[in-house]
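Everything on this sheet refers to the single structure shown next.
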Amino acid sequence: MGVENIKKNCMGTISFDGKFKGMRKYQDFIVYPLDKNNDALKIKIQSDTRIGYIKLDDGKVIMSKSISSGAYFQHLTFAKHIDTLSKEELSGLKFRLFLTSGESVGNNAIRMTTDNSSASKISIF
């Protein structure tokens, strides 16, 4: 269980395979950009069937239940604490997020860039 296979994605942020308590198998999660107005205290994550947050100070995973038709922002209202990342997993995730920091990141080949500048606010120590 936990976070594996962290990689940079076309949005300029990261994606990872995550399996948290109550999940049967790993799912591909995308991390939403942390724009300049973001406090970088938590990251919003989404897969095909779930949406939630990971708190960057303590690694708590707050997640919606699985919704076969897709989980969206309105489902965050009912999200609950389901798991906590280990210190090693959290450190690795924060470090990879920090490396994606920038005002205009992403894959310019598809003309898609995002503001991920607040990733530089993440404390990696």
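The values are calculated or read from the model by the stated rules, or taken from the named source; none is laboratory data. Being a predicted model, the structure only gives us computed values, none of them experimental. Glycine gets a Cβ as well: all are built from the backbone with ideal geometry, and neighbour counts include every protein chain shown.
For the reader, a short list of remarks on this structure follows.
- Pairing residues of region 58-77 that are of a type in the set (S, T, N, Q) with residues that are in a loop (DSSP other than H, G, I, E, B), at Cβ distances under 6 Å and at least 6 apart in sequence or on separate chains, gives 64/50; 64/71; 64/79; 66/49; 66/50.
- If you go through region 60-86 and keep only what is part of a loop (DSSP other than H, G, I, E, B), in contact with a strand residue (DSSP E or B) (Cβ under 6 Å, 6 or more places away or on another chain) and buried (at least 19 other Cβ atoms within 10 Å of the Cβ), you end up with 64, 71.
- Checking the stated criteria, residue 49 turns out not to satisfy the condition of being crowded, with 17+ Cβ neighbours inside 10 Å and at pLDDT 90 or above.
- Residue list for region 87-114, restricted to those being part of a loop (DSSP other than H, G, I, E, B) and under 14 Å from residue 16 (Cβ atoms): 99, 100
- Taken over region 32-51, residues that are part of a strand (DSSP E or B) and in contact with a Leu (Cβ under 7 Å, 6 or more places away or on another chain) amount to 3.
- Every condition in (1) touching a strand residue (DSSP E or B) at 6+ places or on another chain (Cβ under 9 Å); (2) among the small types (Gly, Ala, Ser); (3) over 15 Å from residue 2 (Cβ atoms); (4) touching a residue at least 40 places away in the same chain (Cβ under 8 Å) holds for residue 92 except the one numbered (3).
- Tally of residues being among the basic types (Lys, Arg), in a loop (DSSP other than H, G, I, E, B) and free of Cβ contacts under 8 Å to residues at least 60 places away in the same chain across region 3-31: 2
- In the condition set (1) of a type outside the set (D, E, K, R); (2) surrounded by fewer than 18 Cβ atoms within 10 Å (Cβ to Cβ); (3) under 22 Å from residue 125 (Cα atoms), residue 97 is compliant with all but (2).
- Qualifying residues in region 1-36 (those that are among the polar types (S, T, N, Q) and modelled with pLDDT of 90 or more) - the one surrounded by the fewest Cβ atoms within 10 Å (Cβ to Cβ): 5
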